[in-house]
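Okay, so here's the structure we're looking at.
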Amino acid sequence: MSQEKLVGIIGWPVTHSLSPKMHNYAFKTLGLNYRYVFLPVDTAPESLIKDAVLGLKALGFVGANVTVPHKEAILGLMDQVSDEALAIGAVNTIFIKDGKLCGHNTDAPGFICDLLDHGIDPRGLNVLILGAGGSARAVAYGLLKHGAQITILNRTESKAIELKKALSESFSADLIKCAAFDSESMRKHGQADLIVNTTSIGLLDQKATPWDEKIPFKEGQVVYDLIYKKTQLLDFAEQSGAKAINGLGMLVHQGALAFSIWTGEKAPVDIMKDGLLVS
Ligand code: ATR
């Protein structure tokens, strides 16, 4: 039998990630001799992430996914970076090709694929994005690339403004607005066609919500939470008559795109979805 090929996920903490389960199920079902492993890498000392990435190369890994909090820092450690990852300012997929570290971002197309799967074409949509962190960067880029206009609300407003500035290098600044993360802005912009939560509110505390529940959603609106379980935000959206979508589909699609980059094979999207459900 040929030598097993290794991929994995770099993050901190990372043991909650569903990616190993999803990818290993797909590798097994397709009979591919790959294994996907957890790669916990702490944030301190700062040099650790560089050592870890060089270690992947030394250990003959095919590549890796990268998650919080390393997606931005890892970009500068790549030998090559795709145009998309460069514009987003974050790498979530590394492919080691001919000894070179190539950085990609599959979060943005993964998010768009899932919207399309739900019958939502971003073209011409007015979208409200909650948060301005690493995930928001990818979501905003994907939406603008596919013809939407966006408003970003973030607790630290300077980060939203910084994100607008970065995105304005690839898209018209007229398509991007920023506002404070407060009830007044939610009321003003809450009628958007699509509301996307990219903040971590609701991730650990299921009752916590980024939304002011005095402001109802309405039928015809779509509320998308990147967190991949039912959250208070999605419950409230459903109660208001809006369509509620969690981040499970995005997880699958970003993973499927990474799978194709590593293996050169068409990714088995449905099998990867099934992989998340097996116990
Ligand atoms: P990710 O890569 O998942 O986006 P991140 O870059 O750490 O993670 O971003 C987390 C986002 O959630 C940020 O927009 C953060 O707001 P700040 O920029 O002000 O930190 C937002 N966030 C986290 N906890 C929050 C809270 N309690 N209230 C409001 N926003 C919060």
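The values are calculated or read from the model by the stated rules, or taken from the named source; none is laboratory data. Nothing here was measured: the structure is a model prediction, and the numbers come from that model. Reconstructed Cβ throughout: ideal geometry from the backbone, glycine too, with neighbour counts over all protein chains shown.
Assorted remarks:
- Among residues of the stretch 13-23 being in contact (Cβ under 8 Å) with a residue 24 or more places away in the chain and surrounded by fewer than 17 Cβ atoms within 10 Å (Cβ to Cβ), the one that is farthest from residue 90 (Cα to Cα) is 21.
- Flag if residue 201 is within 16 Å of the ligand (Cβ to nearest atom), β-branched (Val, Ile, Thr) and surrounded by fewer than 22 Cβ atoms within 10 Å (Cβ to Cβ): yes
- Considered as a group, the residues in the stretch 42-71 that are of a type in the set (A, V, I, L, M) and within 19 Å of the chain's Cα centre (by Cα) include one that is surrounded by the fewest Cβ atoms within 10 Å (Cβ to Cβ), and that residue is 68.
- Total residues in the stretch 258-278, condition outside any loop (DSSP other than H, G, I, E, B) and in contact with a helix residue (DSSP H, G or I) (Cβ under 6 Å, 6 or more places away or on another chain): 6
- Evaluation of residue 74 against the conditions (1) among the β-branched types (Val, Ile, Thr); (2) within 14 Å of the ligand (Cβ to nearest atom); (3) assigned to a helix (DSSP H, G or I); (4) loosely packed, with under 14 Cβ neighbours inside 10 Å shows that the sole unmet condition is (4).
- The residues in the stretch 216-232 that are part of a loop (DSSP other than H, G, I, E, B), out of contact with any helix residue (DSSP H, G or I) (no Cβ under 8 Å at 6 or more places or on another chain) and within 14 Å of the ligand (Cβ to nearest atom) can be counted, and the count is 2.
Residue-by-condition table, conditions (1) within 24 Å of residue 250 (Cβ to Cβ); (2) at pLDDT below 95:
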residue	(1), (2)
3	no, yes
15	yes, yes
20	yes, no
30	yes, no
39	yes, no
59	no, no
62	yes, no
68	yes, yes
73	yes, yes
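- Unmet criterion (only one of (1) part of a loop (DSSP other than H, G, I, E, B); (2) in contact with a helix residue (DSSP H, G or I) (Cβ under 9 Å, 6 or more places away or on another chain)) for residue 44: (2)
- Every residue from the stretch 112-142 that is assigned to a helix (DSSP H, G or I), under 18 Å from residue 154 (Cβ atoms) and in contact (Cβ under 8 Å) with a residue 40 or more places away in the chain: 134, 135, 136, 137, 138, 139, 141
- Yes/no for residue 142 being within 11 Å of the ligand (Cβ to nearest atom) and under 16 Å from the mean Cα position of the chain (by Cα): no
- Residue list for the stretch 152-167, restricted to those being buried (at least 22 other Cβ atoms within 10 Å of the Cβ) and either of a type in the set (Ser, Thr, Tyr) or within 14 Å of the ligand (Cβ to nearest atom) (or both): 152, 153, 154, 160, 163
- Out of 14, 37, one residue alone is away from the ligand (no atom under 16 Å from the Cβ), within 24 Å of residue 203 (Cα to Cα), among the β-branched types (Val, Ile, Thr) and not in a helix (DSSP H, G or I). It is 37.
- Any chance residue 245 is surrounded by 18 or more Cβ atoms within 10 Å (Cβ to Cβ), within 16 Å of the ligand (Cβ to nearest atom), of a type in the set (A, V, I, L, M, F, W, C) and not in a helix (DSSP H, G or I): no
- Close pairs from the stretch 250-276: first over 15 Å from residue 138 (Cβ atoms), partner among the charged types (D, E, K, R) and crowded, with 17+ Cβ neighbours inside 10 Å, Cβ under 7 Å, at least 6 apart: 252/273
- When restricted to residues that are over 17 Å from residue 193 (Cα atoms) and within 16 Å of the ligand (Cβ to nearest atom), the stretch 105-130 contains 5.
- Sole exception among (1) more than 16 Å from the ligand (Cβ to nearest atom); (2) of a type in the set (D, E, K, R); (3) surrounded by 19 or more Cβ atoms within 10 Å (Cβ to Cβ) for residue 83, by number: (3)
- Given (1) without any contact (Cβ under 8 Å) to a residue 60 or more places away in the chain; (2) surrounded by fewer than 21 Cβ atoms within 10 Å (Cβ to Cβ); (3) away from the ligand (no atom under 16 Å from the Cβ), number of the condition residue 193 does not satisfy: (1)
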